[in-house]
1. So which pairs qualify, if the first residue must be in the range 230-248 and closer than 10 Å to Lys212 by Cα, the second must be open to solvent by 80 Å² or more (accessible area, probe 1.4 Å) and in a loop (DSSP other than H, G, I, E, B), the Cβ gap must be under 7 Å, and the two must be at least 6 apart or on different chains?
2. Just one of Leu9, Leu19 is modelled with pLDDT under 95, farther than 26 Å from Pro119 by Cβ and either open to solvent by 70 Å² or more (accessible area, probe 1.4 Å) or acidic (Asp, Glu) (or both); which is it?
3. Given the residues Val214, Val201, Val180, which is the only one that is under 25 Å from His96 (Cα atoms), open to solvent by less than 60 Å² (accessible area, probe 1.4 Å) and in a loop (DSSP other than H, G, I, E, B)?
4. Hey, can you tell me all the residues within the range 166-216 that are of a type in the set (Ser, Thr, Tyr) and farther than 22 Å from Ile148 by Cα?
5. Quick one: in the range 217-251, of everything that is basic (Lys, Arg) and either within 22 Å of Glu149 (Cα to Cα) or outside any loop (DSSP other than H, G, I, E, B) (or both), which residue is least open to solvent (accessible area, probe 1.4 Å)?
6. Looking at the range 121-140, is at least one residue in contact (Cβ under 8 Å) with a residue 12 or more places away in the chain, within 21 Å of Ala245 (Cα to Cα) and of a type in the set (Gly, Ala, Ser)?
7. Sort out which residues of the range 183-194 are open to solvent by less than 10 Å² (accessible area, probe 1.4 Å) and part of a helix (DSSP H, G or I), and write them in order of number.
Amino acid sequence: PQPAMRRVLLFFCLLTMGLQAKEKERILVVGNSFTLYGNLPSQVEQMAKERGLLWDVEQTTASGASLRDHWQGNKALTTKQILENETFDRVIFQDHSTYPLVHIDTTAFYFKKLKALLPAKTKVYLYSTWMYPGINGKENYPNSTNPIEENLKTEVVSVKDQLLRVGAAFELFAARYPDVDRFTDDKKHPSPQGSYLAACVIFSSLSGQSSKGVQRRYSSTDKNGKKIFYSMVEKETAQKCQEVADQILFN
């Protein structure tokens, strides 16, 4: 009986491990400093883990990188090789912040070329960033509060792609909570609050779940066993970010 019981237990252990391995999703973030600030990919992964979702969120990023840089291998990027040799369930593309305003045709061209490297079953997302003071090209859109999203919708995104409306969330957050900084001192890159807001939008966009109630700080340990933090925001700020993300996505 004991050997038989061990075999039964081993079978269920292997079955459980197999189901977990099958359910794990590989997600790749292709972008630049707007996606690497605040450990954004890790924040999204931790939110998913908290909700019982097995996501492996990886990134190929470099400061100031455009989709053209990713395609051409500039800035020591190996994005093209990664997409050619590895398989992901979902891929998020984010272009240089100014390109949707001043080089939308370039955004569309390289988005299409990079997307063509993916299997048809891969879910594709385009990260719509935010307007910020002094952004190049803003003067060409005096009557629009979010021309980045508008241009991406009309010129780049197909019906099969999904737009990650982070820029829209930034605009709504600024309108509701003007005293909470979305940017760092350069008034361009996301502050910890801005990165957390972006993580809420991305998590909810990919999972279909509200981010309300997820933790406000995420930590792990490094290779030496020392505690490190991926992110940390105040409780009230976290709630505000979650509410805004829900408003953008589900209302």
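The values are calculated or read from the model by the stated rules, or taken from the named source; none is laboratory data. All figures in this text were calculated on a predicted structure; none of them were measured in a lab. Cβ: placed from backbone, ideal geometry, glycine included. Neighbour counts: every protein chain shown. Ligands, DNA and RNA are stripped out before the accessible areas are found, and what is left, the full protein with its side chains, is counted by its heavy atoms. Shrake-Rupley method; radii C 1.70, N 1.55, O 1.52, S 1.80 Å.
1. If the second residue must be open to solvent by 80 Å² or more (accessible area, probe 1.4 Å) and in a loop (DSSP other than H, G, I, E, B), the pairs left are Gln242/Lys212; Asp246/Lys212.
2. Sole residue among the options that is modelled with pLDDT under 95, farther than 26 Å from Pro119 by Cβ and either open to solvent by 70 Å² or more (accessible area, probe 1.4 Å) or acidic (Asp, Glu) (or both): Leu9.
3. Val180
4. Answer for the range 166-216, where residues must be of a type in the set (Ser, Thr, Tyr) and farther than 22 Å from Ile148 by Cα: Ser207, Ser210, Ser211.
5. Taking the candidates together, the pick is Lys240.
6. Among the residues of the range 121-140, at least one is in contact (Cβ under 8 Å) with a residue 12 or more places away in the chain, within 21 Å of Ala245 (Cα to Cα) and of a type in the set (Gly, Ala, Ser), which makes the answer yes.
7. The one that is open to solvent by less than 10 Å² (accessible area, probe 1.4 Å) and part of a helix (DSSP H, G or I): Gly194.
Residue by residue, here is whether (1) out of contact with any Cys (no Cβ under 7 Å at 6 or more places or on another chain); (2) of a type in the set (Phe, Trp, Tyr); (3) modelled with pLDDT under 95; (4) farther than 26 Å from Lys187 by Cα holds:
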position: Glu50; (1), (2), (3), (4): yes, no, no, yes
position: Leu54; (1), (2), (3), (4): yes, no, no, yes
position: Gln59; (1), (2), (3), (4): yes, no, no, no
position: Tyr110; (1), (2), (3), (4): yes, yes, no, yes
